[in-house]
Amino acid sequence: MTVPAHEWLELIEREYLTGFIVAGGGAVKFAVGDAHQLEIVARVLDLLSERHGLAHVAIDAVTTRVHMIQDVFFAIAGALDWGAMAQCFVESLFGRMGYEWPCPGEAVPIQVVAERNRVDVTLLRRDFRQWLTAEVMHDTEMTQDFRMAVTQLCLQRLEPEDAQLRITTPVLQWLRGELRRIGALKQTFITARITRHNARAMLRSLCRWLRLCGRQGLFTALDIRQLGRPGAAIGDGIRYSPGAVLDAFEVLRQIIDDSEHFSGLLLVVLADQSLIGGDARRSLDAYLALKMRIWSDVRPEGRDNPLAPLVVLAEQPTAGAIDLAAMR
């Protein structure tokens, strides 16, 4: 039993993207299909997420170590424009406080903002820092280190950093997993590297931050087909031992269990038949804790449930049956 791809995509938009996700819900879905189907599904979901105001990121297990949750976070963080997010937040903040932003979409020295609004620059600087304290630093849905990082990025939209400090680049490197020495962040009061111990909390913080920056949520397409390939069939790309496959399944299980705390996150896991019927060491049978969370115990007679956590896409219809133009 399978579910037609177009029917599943329509349901995802209607039942999730239109209301649940944009209202702050979180969900994890698995789609099993062949390479052609998964390519189409990923393209359509990108269009749908853009339509509904979500940021969208694609992650492939070929190039990202998905058995390490911190690397999943780094892949998402590396695909986002942190400067644009901070700019959107700062402009919105000033607008809500009744101030005009001189150059929409661009960082502006605080002196210019003060002149445009005919206020004293010293008072405006004080008010701006108080606003950041109230809106960011007191927002406990984000971790303290994450709040420190985005506060620093927001400050740089009005107060160009001292060339001697060079804080912004290390902050971005920290978020993207590129920072070599945590000591480079001493001036920001960020205290720890992003590791498997805090990466889920960082992802929760990122979901919250995106919504504060004007996005409705985050759509992530996670292609895990590489997990089902033995060493001889991999070629280029990351090789996953059976142990690493179990670790990747554990990462997915943890995200599912924590999904209620990922505000506005839709994670769609793309897989092939090896996930449900391949090598026993690389399929769901190897990790029952994940299988029990996504496998449907009750099935309507004669058909699959298209809203089940895991669906197998029908071989037909193919690309022509999914109206990409209509999805735009």
**Report entry** Cleavage-rule hits (trypsin sites (Lys or Arg not before Pro)) in segment 135-187: DSSP loop, at most 10 neighbouring Cβ within 10 angstrom
**Finding:** ARG180, ARG181
Query raised in the report: So what is the relative contact order of the chain, in percent, for Cα pairs below 8 Å that sit 6 or more residues apart?
Result: 37 percent
Query raised in the report: Assuming R0 = 30 Å, what is the FRET efficiency of GLU106 and ARG43, from their Cβ-Cβ distance, to the nearest 0.05?
Result: 0.40
Report task. Please go through segment 5-45 and write out the trypsin sites (Lys or Arg not before Pro) that DSSP classes as loop and that have at most 11 other C-beta atoms within 10 Å. Result -> none
Query raised in the report: Efficiency by 1/(1 + (r/R0)^6): what FRET value for HIS197 and ASN117, r their Cβ-Cβ distance, R0 = 45 Å, to the nearest 0.05?
Result: 0.55
Query - Only Lys, Arg (+1) and Asp, Glu (-1) charged, at Cβ; segment 82-188 dipole about Cα centre in debye - result: 300 debye
Report task. Amide H neighbours of GLY25 under 5 Å, at least 5 residues apart or on other chains, H built in the peptide plane: list them. Result -> GLY264
Report task. Mind pulling the angle between the C-alpha long axis of helix 144-155 and the longest principal axis of the chain? Nearest 10 degrees, somewhere in 0 to 90. Result -> 50 degrees
Query raised in the report: About its Cα centre, how strong a charge dipole does the chain have in debye, to the nearest 20, once Lys and Arg get +1 and Asp and Glu get -1 at the Cβ?
Result: 940 debye
Query raised in the report: So what is the 222 nm mean residue ellipticity for the chain from helices alone, if each DSSP H run of at least 4 adds -39500 (n - 2.57) and you divide by all residues, rounding to the nearest 500 deg cm²/dmol?
Result: -12500 deg cm²/dmol
Query raised in the report: Looking at (i) 119; (ii) 186; (iii) 147, which value of volume of the Cα convex hull per residue in Å³ comes from a calculation on the structure shown?
Result: (iii)
**Report entry** Helix 121-132 vs. the chain, principal-axis angle (Cα, 0 to 90°, nearest 10)
**Finding:** 30 degrees
Report summary line: Under 5 Å from the placed amide H of GLY217, counting only residues 5+ away or on other chains, we find ALA55
Query raised in the report: Which whole-Hz couplings ³J(HN,Hα) result when phi for each residue of segment 73-88 is put into the Karplus expression 6.51 cos²θ - 1.76 cosθ + 1.60, θ = phi - 60°, listed in order with x for Gly and Pro?
Result: 4, 4, 5, 5, 4, x, 8, 9, 9, 5, x, 5, 5, 4, 4, 4
**Report entry** Paramagnetic reach from ALA286 in segment 193-229 [backbone N under 19 Å; point 7 Å along Cα→Cβ]
**Finding:** 222-229
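None of the figures in this text is laboratory data; all of them are computed from the coordinates on show. Model, not experiment: these values are computed from the prediction. When we count neighbours, we look across all protein chains shown, and the Cβ atoms used for this are built from the backbone with ideal geometry, even at glycine.
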